[in-house]
Amino acid sequence: MDTSMADLRIALLNAAHDPADTARNFRREVDADLAEFHVAGGELPDSYDFDAVIVTGSRSSVYWDDEQEWIAPAREWVADADRRGLPILGVCFGHQLVAEALGGTVDDMEEYEIGYRSVAHDGSDPLFDGVDTEFTVFTTHSDAVTELPPGAALLAENEYGVHAFRRGNAYGVQFHPEYDTRTAERVTKRKDDLADDRKATVLDGIDADHYEAACEAKRLFDNFCELAASAGPSASD
């Protein structure tokens with residue numbers, strides 16, 4: 001039987017090193033009961049008794065297992081959640097973690113994609129219902145999914161590569177539909193390895209018009225919740 005969206009209980013795996021802003025953004029955008037776990041601090045749920053899972057962005061790279069001990073357990077927890085059929089949405093780092101957990105590959109791009117950018121989806125998946133085929137989003141990443149998980153479908157991309165995929169009930173999106181302008185500015189300003197002129201260009205582009213355009217992509221959260229609600233009862237141990 002379908003679960004009401006109002007009754008959805010979602011595990012929010014917060015992979016941010018400074019988790020407060022990330023939690024604020026997702027709590028603002030996701031209309032569900034979010035149970036937050038600071039995975040970058042070593043927290044993981046002790047069960048799979050949730051209706052869905054969201055994995056957030058992070059300053060870490062998913063292949064830093066040797067340096068950051070929390071990454072491998074988080075990846076395995078996500079893989080187990082997928083095997084149980086839980087709907088999963090990964091965002092940026094989360095997108096990459098989900099891809100690896102399902103058997104895909106993530107590599108260093110040796111460059112940044114950052115700022116408000118255009119992405120195109122193919123119109124094939126309900127995650128993008130109500131979103132124009134070409135849409136604006138804020139991006140910030142120097143890693144990318146370079147090989148999709150076996151059996152996964154590419155849903156969205158731009159010149160920098162994969163921006164969304166799906167396999168079964170698991171989704172990943174490389175961009176940040178949850179960002180507000182405050183977060184976009186903060187993240188850009190701390191990119192010490194970006195050239196000053198490029199950083200200035202990105203900051204100049206964080207304005208009301210670009211933000212308004214990017215708000216269209218926030219529809220993804222409602223769409224994901226609808227998909228999770230229709231997926232059935234929570235999984236459990």
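The values are calculated or read from the model by the stated rules, or taken from the named source; none is laboratory data. Owing to the predicted nature of the structure, the values given are computational and were not obtained by experimental measurement. Here the Cβ is made from the backbone with ideal geometry for all residues, glycine too, and neighbour counts use every protein chain on show. These area figures cover heavy atoms from the full protein model, side chains too; ligands, DNA and RNA do not enter into them. Shrake-Rupley method; radii C 1.70, N 1.55, O 1.52, S 1.80 Å.
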> For a label point 7 angstrom out from the Cα of Asp122 toward its Cβ, which stretches of the range 162-189 have the backbone nitrogen within less than 14 Å?
Replying inline: 162-168
> Within the accessible area of the chain, what % is carbon and sulfur when the probe is 1.4 Å and the other protein chains stay in place?
Replying inline: 43 percent
> Can you give the accessible area per residue of the chain, in Å², using a 1.4 Å probe?
Replying inline: 43 Å²
> Put a dot 7 Å past each Cα toward the Cβ at Ala23 and Glu76; how far apart are the dots in nm?
Replying inline: 2.6 nm
> Could you give the nm distance between label points at Gln68 and Asp197, where each point is 7 Å from its Cα heading toward the beta carbon?
Replying inline: 3.2 nm
> Taking the DSSP beta bridges in the chain as the whole, what percent of them are antiparallel, to the nearest 5?
Replying inline: 60 percent
> Between the helical axis of 19-29 and the dominant principal axis of the chain, each derived from Cα atoms, what acute angle in degrees is found, rounded to the nearest 10?
Replying inline: 70 degrees
> Across bins of 10 angstrom width beginning at 0, how are the C-alpha pair distances of the chain distributed, in whole percent?
Replying inline: 8, 35, 40, 15, 2, 0
> From the square roots a ≥ b ≥ c of the eigenvalues of the alpha-carbon gyration tensor of the range 183-237, which class results: rounded (a/c under 1.5), prolate (a/b over b/c), or oblate?
Replying inline: oblate
> Can you give the extra length, in nm with one decimal, that the chain gains between Asp204 and Ser47 once fully stretched, where that is 0.36 nm per residue apart less the Cα-Cα distance?
Replying inline: 52.1 nm
